[in-house]
Amino acid sequence: MKAWILLGLVVGSTVLSDVLQSFEMKRHGEITDLGPSGMGRALAAMARRKFLILAVFFMAISFFAFIALVQSADLSFAVPASAASIVLETILARLILKEAVDARRWWGVGLVACGVGLLSA
């Protein structure tokens, strides 16, 4: 039971982190000035972005939850089961971020979902 709770925490926080990070990076736009001053301005601007700060927070939760998961469950379960985040990220990328997801990616998501389903049986 503890392993499933930790897995849910890993998957949920990973998905939240990736979606928030993608959203904020799209909002910021491309960095065109790659010189030291341009990079400094870009880093300063990103440090003020609320969703990006929240994304880093969720990344930390995901990391520490994953460490706890591999301590309490077999690695052969923890790593493949955490791939469920790919399924949720793809769905949210399509629904929330309005990204185009081609058929090949949907097939991959379906295969990952089947694999995670086999692990849970």
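The table that follows gives values for the structure above.
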| quantity | calculated |
| --- | --- |
| Least to most buried among Thr14, Thr90 (fewest other Cβ within 10 Å first) | Thr90, Thr14 |
| Ellipsoid equivalent to the stretch 2-120 - semi-axes via the Cα gyration tensor, in Å | 30, 19, 11 |
| Neighbour-count ranking [beta-carbon atoms within 10 angstrom, fewest first] of Met46, Met59, Met1 | Met1, Met46, Met59 |
| Sparse-neighbour loop sites [trypsin sites (Lys or Arg not before Pro); the stretch 30-67; at most 14 other C-beta within 10 Å; DSSP] | Arg48 |
| Computed [θ] at 222 nm, deg cm²/dmol, the chain (DSSP H ≥ 4; -39,500 (n - 2.57); rounded to nearest 500) | -27500 deg cm²/dmol |
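We did not get these values from a lab; they are worked out from the coordinates using the rules stated. For clarity, every value in this text was computed on a predicted model and none was experimentally measured. Cβ atoms come from the backbone with ideal geometry, glycine included; neighbour counts cover every protein chain shown.
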